[in-house]
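The values are calculated or read from the model by the stated rules, or taken from the named source; none is laboratory data. The model shown is predicted, which means the values in this text are computed figures rather than measured ones. Every residue, glycine among them, receives a Cβ derived from its backbone with ideal geometry; neighbour counts consider all protein chains shown.
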């Protein structure tokens, strides 16, 4: 059974640029959640996708957007990057919606200069 | 609203001694609670979860946690610390809709 994978592992961007982060969910999982973990803090929920539809969103501006594909992989897009967007971005997958346990990938570390 | 509070930002123990990481939760309904561990530069790994089936929950690597409704606590324990237990630990609650609410984290140091 393949676990949750994310790409790239590290990324450096400059302020104002756009970035796309990718996540492959664990085999059989159709729900993907994204979290932002700033340095020294706990992860903060960005949004969740279930069967290709957004299924809940945290307190993040619209420039944070996402997609889920028919194979349940997912993308997180961030436009107009700001310095405060520097963080570890974590993807988690689970079975059939929100009731199941979420399994996390290793994360993508984004640095915005 | 559900929230979780980890009472210690840093805990230091000696190898072979017990570990206690404290977590309190607030909720108006029976919660789903989890403990996750994060090793440096790694993702989050599920240690254990409470979903109202039993108040004492056993997890991986010898960890366990006890749900105490009267104290609104969900403390994580381990009888004997190992060097490999050094990591950041997060107490996590789950809101309706699946949103996970993370505590602030407790950094566990294990001295030889």
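Inspect region B:68-77 for any residue being within 21 Å of residue B:15 (Cβ to Cβ), surrounded by fewer than 18 Cβ atoms within 10 Å (Cβ to Cβ) and either away from chain A (no Cβ under 14 Å) or more than 13 Å from the chain's Cα centre (by Cα) (or both) and give the result as yes or no.
There is at least one residue in region B:68-77 that is within 21 Å of residue B:15 (Cβ to Cβ), surrounded by fewer than 18 Cβ atoms within 10 Å (Cβ to Cβ) and either away from chain A (no Cβ under 14 Å) or more than 13 Å from the chain's Cα centre (by Cα) (or both).
For residue B:57, state whether it is out of contact with any helix residue (DSSP H, G or I) (no Cβ under 8 Å at 6 or more places or on another chain), assigned to a strand (DSSP E or B) and closer than 22 Å to residue B:84 by Cα.
Considered against the rule, which asks whether it is out of contact with any helix residue (DSSP H, G or I) (no Cβ under 8 Å at 6 or more places or on another chain), assigned to a strand (DSSP E or B) and closer than 22 Å to residue B:84 by Cα, residue B:57 comes out as yes.
For region A:6-25, enumerate the residues that are under 15 Å from residue A:90 (Cα atoms) and more than 12 Å from every other protein chain (Cβ to nearest Cβ).
Hits for region A:6-25 are A:7, A:8, A:11, A:19, A:20, A:21, A:22, A:24, A:25.
Based on this model, can you work out whether residue A:65 counts as in contact with a strand residue (DSSP E or B) (Cβ under 7 Å, 6 or more places away or on another chain), over 20 Å from residue B:35 (Cβ atoms) and modelled with pLDDT of 95 or more?
Judged against the criteria, residue A:65 is a match.
Determine which member of the set A:3, A:28 is closer than 25 Å to residue B:36 by Cβ, assigned to a loop (DSSP other than H, G, I, E, B) and within 11 Å of chain B (Cβ to nearest Cβ).
Testing whether each residue is closer than 25 Å to residue B:36 by Cβ, assigned to a loop (DSSP other than H, G, I, E, B) and within 11 Å of chain B (Cβ to nearest Cβ) leaves just A:3.
Residue under question is residue B:12, and the condition is that it be surrounded by fewer than 20 Cβ atoms within 10 Å (Cβ to Cβ) and modelled with pLDDT of 95 or more; does it hold?
The answer is yes for residue B:12.
So, residue B:65, is that one crowded, with 20+ Cβ neighbours inside 10 Å, under 14 Å from the mean Cα position of the chain (by Cα) and touching a residue at least 12 places away in the same chain (Cβ under 8 Å) or not?
yes
Just to be sure, is residue B:47 part of a strand (DSSP E or B) and within 13 Å of another protein chain (Cβ to nearest Cβ)?
yes
Any idea which of (1) under 21 Å from residue B:5 (Cα atoms); (2) more than 12 Å from every other protein chain (Cβ to nearest Cβ) is the one residue B:81 doesn't satisfy?
Result: residue B:81 fails condition (1) only.
Of everything in region B:46-61, what is surrounded by 15 or more Cβ atoms within 10 Å (Cβ to Cβ) and either free of Cβ contacts under 8 Å to residues at least 24 places away in the same chain or within 10 Å of the chain's Cα centre (by Cα) (or both)? Give them in sequence order.
B:46, B:47, B:48, B:49, B:51, B:57
Look at region B:87-104 and say how many of its residues are surrounded by 22 or more Cβ atoms within 10 Å (Cβ to Cβ) and either out of contact with any strand residue (DSSP E or B) (no Cβ under 7 Å at 6 or more places or on another chain) or in a loop (DSSP other than H, G, I, E, B) (or both).
The number of residues fulfilling the criteria is 1.
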